[in-house]
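Trainee: Handing you this structure, nothing more for now.
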Amino acid sequence: MFTKLKIFLEMIKFEHSVFALPFAFMGAILGSVVLNGHLPSWAQIGWITLAMVGARTAAMALNRVIDKAIDKRNPRTENRAIPAGLISIPQVIIYIIISFALLFWATSNLSALSMKLLPIAVFFLVFYSYTKRFTWTCHFVLGLTLGLAPLGGWIAVTGHFTWSSLIFYLTVVCWSSGFDLIYACQDAEFDRKEGLHSLPSRFGIKAALNTARILHVLTAVGLVALFFITHLSWFYLIGLVIAYVILYKEHRLVSPQDLSKLNTAFFTMNGILSLVMFAFTLIDVLVRQHS
């Protein structure tokens, strides 16, 4: 059982939760402080964590099941657990059911609006995996899905939409759409041969990287806008400067002629960025709370 669990966690790249989870916490912290004047409770943070783990695990496991035939034909993914025969489809489906149950249970312990909006979130979690079969805008659908992390964290503790939460949502949409464009460049040729849809396969790697740069410029604009509308201070600005440097270095690591450092640009840089923004936002809020 433990061996299968280890294989499953490796299959869904559980460690990649570092992308969205810090932004979910950041949304919860900012929403609670801006609207309620205090930090979210430990119970709220715990339920948000469980909801995020359930959502991401279900989405990634579904993606692996839905794409099993594609993964088997792709040299880059043919050794993944399902095409390699390391874990069966029924076993993965059990984990998916458990993950969705965890998501529903955790969400039911958060705000009423969170529960009402849960079907929309589940739709995007399932729908994304099918989009590359019919549209090169699949990267933006992923962005719309991952952007639900900060928005969900915000609504979970406040029960309200605000302009601030919407700007934060769109900022993370641009960020995640951009890094998915970079990641998709490595499969451009395969996607083209298989008749799959992606921006790199449709318009070329250069166009994809340029689009990612534009999206990350919009990310930078959104993060600085958040500074003004939530009345954060210079601690947040320090994190912002570090995030800008990370985004700049991320794009320096890849080019249409050289994608050898793509994994560093995709995972390492973006994982650090999300942790940095969360950490400096938390420090900023804690200092303000105790000043």
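Trainee: Read phi for every residue in region 87-103 and hand back ³J(HN,Hα) as whole Hz from Karplus 6.51 cos²θ - 1.76 cosθ + 1.60, θ = phi - 60°, with x for Gly and Pro.
Mentor: 8, 8, 4, x, 5, 5, 4, 4, 5, 5, 4, 4, 5, 5, 4, 5, 4
Trainee: Quick one: Karplus J couplings for region 196-203, per residue in order, coefficients 6.51, -1.76, 1.60, θ = phi - 60°, nearest Hz, x for Gly and Pro?
Mentor: Along region 196-203, the couplings run 8, 10, 7, 5, x, 6, 7, 10 Hz.
Trainee: Express in Å², to the nearest 10, the accessible area of ASP187 obtained by rolling a 1.4 Å probe over the protein heavy atoms while all chains stay in place.
Mentor: 20 Å²
Trainee: Along the charge dipole of the chain, which of PHE168, PHE25, ILE70 sits closest to the positive end, that is, farthest toward it, with unit charges on the beta carbon of Lys, Arg, Asp and Glu (+1, +1, -1, -1)?
Mentor: It is ILE70.
Trainee: Let me ask another. Report the full-extension gain for the segment ILE272 to SER41: residue separation times 0.36 nm, less the Cα-Cα distance, to one decimal in nm.
Mentor: Gain on stretching ILE272 to SER41: 80.6 nm.
Trainee: For the chain, how many pairs of lysine residues have a Cα-Cα distance under 22 Å, where the two are 8 or more positions apart or belong to different chains?
Mentor: Going through the chain pair by pair, I get 19.
Trainee: Taking the full set of protein chains and a 1.4 angstrom probe, give the accessible area of LYS4 in square angstrom, rounded to the nearest 10.
Mentor: Rounded to the nearest 10, the figure is 70 Å².
Trainee: Please list, in order along region 127-144, the HN-Hα scalar couplings obtained from phi with the Karplus expression 6.51 cos²θ - 1.76 cosθ + 1.60 (θ = phi - 60°), rounded to whole Hz, x for Gly and Pro.
Mentor: 5, 3, 4, 8, 5, 6, 7, 9, 8, 6, 7, 4, 4, 6, 5, 4, x, 4
Trainee: I would also like to ask the following. Report, in debye and to the nearest 20, how large the dipole of region 1-290 comes out about its Cα centre when Lys and Arg carry +1 and Asp and Glu carry -1 on their Cβ.
Mentor: Using Cβ point charges on Lys, Arg, Asp and Glu, region 1-290 gives about 400 debye.
Trainee: When a/c is below 1.5 the answer is rounded, else prolate if a/b is larger than b/c, else oblate, so apply that to region 1-109 with a ≥ b ≥ c taken from the square roots of the Cα gyration tensor eigenvalues.
Mentor: Cα axes put region 1-109 in the prolate bin.
Trainee: Shape call for region 88-246 from the C-alpha gyration tensor, a ≥ b ≥ c root eigenvalues: rounded (a/c under 1.5), prolate (a/b greater than b/c) or oblate?
Mentor: Verdict is oblate for region 88-246.
Trainee: Taking the simple approach of a point 7 Å from Cα along Cα-to-Cβ for both ALA207 and ILE242, what is their distance in nm?
Mentor: Inter-label distance under the simple model: 3.8 nm.
Trainee: To the nearest 10 degrees, how steeply does helix 21-31 sit against the main Cα axis of the chain, on a 0 to 90 scale?
Mentor: 30 degrees
Trainee: Another question, then. If you average the alpha carbon positions of region 1-70 and of region 122-167, how far apart do those two centres end up, in angstrom?
Mentor: Centre-to-centre distance over Cα atoms comes out at 13 Å.
Trainee: Can you tell me the relative contact order of the chain? Whole percent, Cα pairs under 8 Å, sequence separation 6 or more.
Mentor: Once divided by the residue count of the chain, the mean separation gives 21 percent.
Trainee: May I ask you to rank LEU170, LEU209 by accessible area, largest first, using a 1.4 Å probe over the protein chains only?
Mentor: Greatest to least solvent exposure: LEU170, LEU209.
Trainee: First measure r as the distance between the Cβ atoms of ILE283 and ALA225, then evaluate 1/(1 + (r/R0)^6) with R0 = 25 Å and state the FRET efficiency to the nearest 0.05.
Mentor: 0.80
Trainee: Provide the FRET efficiency to the nearest 0.05 for the PHE123-GLN91 pair, computing r from the beta carbons and using R0 = 25 Å.
Mentor: It comes out at approximately 0.50.
Trainee: Taking R0 as 22 Å, what FRET efficiency do you get between ILE98 and TYR130 from their Cβ-Cβ distance, rounded to the nearest 0.05?
Mentor: With R0 = 22 Å, the Cβ-Cβ based efficiency is 0.45.
Trainee: Diagonalise the Cα gyration tensor of the chain and give the resulting equivalent ellipsoid semi-axes, square root of 5 times each eigenvalue, largest first, whole Å.
Mentor: Ellipsoid semi-axes (Å, largest first): 31, 24, 16.
Trainee: Which order do you get for ILE229, ILE87, ILE66 if you rank them by accessible area with a 1.4 Å probe, largest at the top?
Mentor: The ranking, largest first, comes out as ILE229, ILE66, ILE87.
Trainee: Just read off the accessible area of SER108 with the full protein assembly in place, 1.4 Å probe, to the nearest 10 Å².
Mentor: 70 Å²
The values are calculated or read from the model by the stated rules, or taken from the named source; none is laboratory data. These numbers come from a predicted model, not from an experiment. No Cβ is skipped: glycine too gets one built from the backbone with ideal geometry, and neighbour counts run over all protein chains shown. We work out accessible area using only protein heavy atoms, side chains counted, and drop any ligands, DNA or RNA first. Shrake-Rupley method; radii C 1.70, N 1.55, O 1.52, S 1.80 Å.
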